[in-house]
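Structure, as structure tokens:
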Amino acid sequence: MKQRQKVTMMGGTGEADASFGDGLAAAARSIIADGRRALTDPELSDPEAVHEVRKALKRWRALLRLLGRPLGEHADQLRMEARELMRAIAGARDAQSSLDALGDLRKAEAPFSPTSAETIRVRLTEMRDEAEAKSFTKTMRDRLSRYLDYATLSLERWPLKAIDFDTVTDGLTSTYRRARQLAPDGWSAAEAEHLHDLRRRVVEHRHQMDLVEPLWPRLGKVWAEEAQRLRNQLGACQDLAVLTGFTAPHQPLAPWRSRLSPLIEERRAAHLKTAQRLSGRLFAEKPKAFRRRIAALWSARNSR
């Protein structure tokens, strides 16, 4: 699948002469196009297509939240519908998350039998493929396609040229504040659900910051990379939590619970240590200071 072209709010591909509203529209069109490609690319397997569709919908939801105030109830409705679609095609996600966690456990210092690891891998792969077949059907593909059609029609009616940067800065700051507030006081004792909520907000923040990267490309690139690293660490913790769930009594991996549990705890502790450091850097500024920074960068860009 072709790598998506980075599109920002500063213009279709960052051109200085493009209007702010044009940039918003270009970003929205790019996300929708990526979703369509994921549904129609014959080279993608079903798991790959689901992954790419979910990625596009996450970016779309981040944009909708950013535009929530000026677009109002319509943006909220579209965002909730996108969330339901993501849930509907996530049937295989738990099994895939556990497969990713199983791969992560290879980095643990304690040994684990290769034979057991392969047995678990086969079992999880079968579970994933079965769930995929049940959820990512032609009917679901058609449903996703209709949603993207509706999103395209909605986009054409949005008064994007009337949205000023101050309004978007408020949205950026709101997402930043929500993520910052979720950073736990005690990382090692943080509940899996709390870390999952933080990850969702970090994902949203990362996608929104992509849109304003041209305000200061060098800083924007580093910021996006740090946010992505934090997202990855929190995602690894979530994968390990899902794998832990499969080791509970009467679950598919219950026979391996005693051997997997110490490995899972070791890897979780390592990821949390890194996540705490990344979060401290990424959310060092208070929200008001963050807002002033974004506003100052916009002002500097317009004064050139």
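Observations on the structure shown:
- Members of segment 6-40 that are of a type in the set (S, T, N, Q), surrounded by 16 or more Cβ atoms within 10 Å (Cβ to Cβ) and at pLDDT below 90: Thr8
- Within segment 94-134, tally of residues that are farther than 16 Å from Phe246 by Cβ, assigned to a helix (DSSP H, G or I) and open to solvent by less than 20 Å² (accessible area, probe 1.4 Å): 1
- Pair list, Cβ under 7 Å, 6 or more apart: segment 226-243 residue open to solvent by 20 Å² or more (accessible area, probe 1.4 Å), other residue β-branched (Val, Ile, Thr): Arg231/Val202; Arg231/Val203; Gln233/Thr274
- In the set Ala133, Ala189, Ala151, only one residue is at pLDDT 95 or above and of a type in the set (Gly, Ala, Ser); that residue is Ala151.
- Segment 73-95 residues that are farther than 14 Å from Arg200 by Cβ, paired with ones that are among the aromatic types (Phe, Trp, Tyr) and modelled with pLDDT under 95 (beta carbon under 7 Å, 6 or more apart): Ile89/Phe136
- When the residues of segment 80-93 are filtered to those that are among the small types (Gly, Ala, Ser) and part of a helix (DSSP H, G or I), the one that is most open to solvent (accessible area, probe 1.4 Å) is Ala88.
- Cross-chain or 6+ apart pairs with Cβ under 7 Å, segment 154-171 first and under 10 Å from Leu24 (Cβ atoms), then hydroxyl-bearing (Ser, Thr, Tyr) and surrounded by fewer than 18 Cβ atoms within 10 Å (Cβ to Cβ): Lys161/Ser19
- Test: residue in segment 169-188 that is farther than 26 Å from Gly35 by Cβ, open to solvent by 80 Å² or more (accessible area, probe 1.4 Å) and not in a helix (DSSP H, G or I): yes
- Pair list, Cβ < 6 Å and 6+ apart or interchain, from segment 197-224 residues that are at pLDDT below 80 to residues that are aliphatic (A, V, I, L, M) and part of a helix (DSSP H, G or I): Leu215/Leu297; Trp216/Leu297
- On inspection, Arg291 fails the criterion of being out of contact with any strand residue (DSSP E or B) (no Cβ under 7 Å at 6 or more places or on another chain), free of Cβ contacts under 8 Å to residues at least 60 places away in the same chain and part of a helix (DSSP H, G or I).
The values are calculated or read from the model by the stated rules, or taken from the named source; none is laboratory data. Values in this document were obtained by computation on a predicted structure and should not be read as measured data. Neighbour counts are summed over all protein chains in view; Cβ atoms, including those assigned to glycine, are modelled from backbone coordinates with ideal geometry. To get the accessible areas, we keep the full protein, side chains included, count just its heavy atoms, and leave off ligands, DNA and RNA. Shrake-Rupley method; radii C 1.70, N 1.55, O 1.52, S 1.80 Å.
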